[in-house]
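A.B. asks: Got a structure here, written out as structure tokens. Questions coming.
The values are calculated or read from the model by the stated rules, or taken from the named source; none is laboratory data. Computed from a predicted structure; not experimentally measured. Note that each Cβ is placed from the backbone with ideal geometry, even for glycine, and that neighbours are counted across all protein chains shown.
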């Protein structure tokens, strides 16, 4: 009996040993497969793939999307890889940029940490609401018509919390001209809200204090800055032009700015006629002895700072040299000579 028992034990021992060896081989094979997959890239070519991950997507859905676009080699293995990494809680919705020569680890890093793909809209300084709307439409951020409608819609303006009592009738001048970046689905309202958020950011406590010190509200500063913005394309001249306008306002003189005439003209054809100069409208500073009632365009932050910190000057006139810069004069006699020189060919 003892002999038989020993034989059974030996057989059991061999079976256990074989099982252990088989299990070890299976584990080794499984780990080899994992290591192989982790090192795999779908392609040797560095090709871009931009994928949108829908909201609520889990490991299997994301893996299928990635495999279909050639970003990973095997959706089932990658789904298991995500679970093994306990990555599910960190997966995000959005649009992301991948490359076809990324390893699964690199793909996972994109899913968890990379910034979303964004699309930029550049609004140049000195544009009116309608012109900004056209830029928004060109960039695929909705329609120019809708942008313009919202910028003049009382309910929408009220929703922005501008802190003005009463709120402005339109957003002319308050839509900061800069470059803004959004996800694929951003529209006109997103752009408008981003521009207003930037306006609020610009008007920090320091700028508000400076405006108060020179006896102006932020809206008045913005209005004058819009005139400065339209008067010159030479950045270095903005503080000097602002200084001239401050001088004229202090003396009770009219600003006499051509861009303010243009703002109130219907079907402006590129020429300002003598009749246009004399024609009264609310923005014509050849007629009104004050600031226009609203801004005439979107001033950049540099123009706003020029109005807040103007160059100290005695000049009260300036005329274009026709090269993008201006000649500044302290007397009308000198100004008249410069007008003859630069605008009338010496006549």
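A.B. asks: Is it the case that segment 211-220 has a residue that's part of a helix (DSSP H, G or I), farther than 19 Å from residue 328 by Cα and modelled with pLDDT under 95?
C.D. replies: no
A.B. asks: Looking at (1) surrounded by 14 or more Cβ atoms within 10 Å (Cβ to Cβ); (2) under 37 Å from the mean Cα position of the chain (by Cα), which is the one condition that is false for residue 334?
C.D. replies: Just one mismatch for residue 334, condition (2).
A.B. asks: Also, I was wondering about something else. Could you say whether any residue in segment 163-172 is assigned to a loop (DSSP other than H, G, I, E, B) and within 20 Å of the chain's Cα centre (by Cα)?
C.D. replies: Looking through segment 163-172, at least one residue is assigned to a loop (DSSP other than H, G, I, E, B) and within 20 Å of the chain's Cα centre (by Cα).
A.B. asks: Output the qualifying pairs, or none if there are none: Cβ atoms under 9 angstrom, residues six or more apart or on different chains, first residue in segment 237-250 and in the same structural domain as residue 305 (by TED's automatic domain parsing), second residue assigned to a helix (DSSP H, G or I) and modelled with pLDDT under 95.
C.D. replies: Pairs found: 237/231; 238/231; 241/231; 245/231.
A.B. asks: Ok, one more. Scan segment 221-236 for residues that are touching a residue at least 24 places away in the same chain (Cβ under 8 Å) and in a helix (DSSP H, G or I) and jot them down.
C.D. replies: 221, 222, 223, 224, 225, 226, 227, 228, 229, 230, 231, 235 - these are the residues of segment 221-236 that are touching a residue at least 24 places away in the same chain (Cβ under 8 Å) and in a helix (DSSP H, G or I).
A.B. asks: Among the residues of segment 49-56, are any within 30 Å of residue 174 (Cβ to Cβ), touching a residue at least 60 places away in the same chain (Cβ under 8 Å) and assigned to a strand (DSSP E or B)?
C.D. replies: no
A.B. asks: Which of the numbered conditions does residue 324 fail, given that it passes all the others? Conditions: (1) in a loop (DSSP other than H, G, I, E, B); (2) in contact with a helix residue (DSSP H, G or I) (Cβ under 6 Å, 6 or more places away or on another chain); (3) not assigned by TED's automatic domain parsing to the domain that holds residue 226.
C.D. replies: (2)
A.B. asks: Now, a different point. Tell me, please, whether a residue that is surrounded by 18 or more Cβ atoms within 10 Å (Cβ to Cβ), outside any loop (DSSP other than H, G, I, E, B) and more than 30 Å from the chain's Cα centre (by Cα) can be found in segment 259-275.
C.D. replies: yes
A.B. asks: Restricting to segment 174-201, what's the tally of residues that are exposed (fewer than 15 other Cβ atoms within 10 Å of the Cβ) and closer than 16 Å to residue 143 by Cα?
C.D. replies: Total meeting the criteria: 2.
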